[in-house]
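What follows is a set of notes on a single structure, which appears directly below.
The values are calculated or read from the model by the stated rules, or taken from the named source; none is laboratory data. Nothing here was measured: the structure is a model prediction, and the numbers come from that model. Here the Cβ positions follow ideal geometry from the backbone for every residue, glycine too, while neighbour counts run over all protein chains shown.
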Amino acid sequence: MALQKKTKKKAKPGGRGRSIIVLVGPEYETNLGMVARVMKNFGLDELRVVEPACPAGKTAIMYSKHAREVLESSKRFGSLREAVEDCDAAVGFTGIIRRHRGSIRTVVPLKKFREMRGGYKGNLALVFGREGIGLDEGEIGECDYLVNIETNSEYPVMNLSHAVAVAIYALGLGKKRKTREERLHGKEKEVLNQMFKSLVGRYTFRNPKRCEVAFRRIIGRANPTEKEGRSVMNVLRVVLEELEGREHEEDGAA
């Protein structure tokens with residue numbers, strides 16, 4: 001079953017929709033601050049709070065570290081329905097499955113929900129309940145899905161900020177870092193292989209061809225970056241130059 005959009009709500013045109021974190025009745029400033037910090041870690045900035053039992057005061061700001069702007073730009077709502085009104089799907093999270101056995105929503109493991117989500121591009125609200133009792137049945141009714149993060153059955157309930165972090169990461173909602181590194185090109189790989197072949201040729205091995213093939217396969221599997229490949233080239237170059245220098249000395253002495 002794929003994740004379906006509600007027709008009454010509008011998604012952000014073009015590309016993937018927004019990812020929104022909704023906290024219902026948060027009780028502690030520390031958690032409020034840490035959730036803001038987690039959101040900034042993953043590049044999310046839209047936090048909505050429903051009837052909080054604590055202010056976003058000095059303690060929350062302190063625990064948010066460098067995510068103060070996430071707290072300051074957060075929006076307050078009087079009900080969950082209002083908070084998710086512009087979202088295409090609202091996903092509620094629960095830590096205790098047995099509490100919702102009679103619920104109108106079937107509890108879905110996070111891993112399964114990730115598969116159901118597929119290429120969904122609408123605005124998605126991740127809804128987290130109170131630290132003490134979670135979401136009540138009325139609030140669950142406002143959610144389109146009820147998801148459980150599978151944990152140790154002996155101690156299933158996670159800290160609020162930890163649950164938010166796991167959900168964002170598992171669903172791939174965070175903004176990815178631009179860490180693209182250029183890989184060693186085919187010609188450079190061949191130069192590296194030839195340098196290793198030259199090194200092998202200066203020694204007596206029972207099966208030098210096997211050594212060359214093994215090295216070629218290792219480089220092929222490793223798919224090194226340009227930086228890594230050139231580092232290995234530099235080492236081989238120094239060794240080859242040193243060997244050539246010794247050979248010249250020996251020829252001169254002869």
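Structure notes:
- From 68, 48, 76, residue being in contact with a Phe, Trp or Tyr (Cβ under 8 Å, 6 or more places away or on another chain) and in the same structural domain as residue 123 (by TED's automatic domain parsing): 48
- Considering the range 1-79, there are no qualifying helices (runs of 4 or more DSSP H) wholly inside with 3 or more residues that are at pLDDT below 95 and closer than 20 Å to residue 163 by Cβ.
- Scanning the range 58-73 for residues that are polar (S, T, N, Q) and in contact with a Leu (Cβ under 8 Å, 6 or more places away or on another chain) turns up 64, 73.
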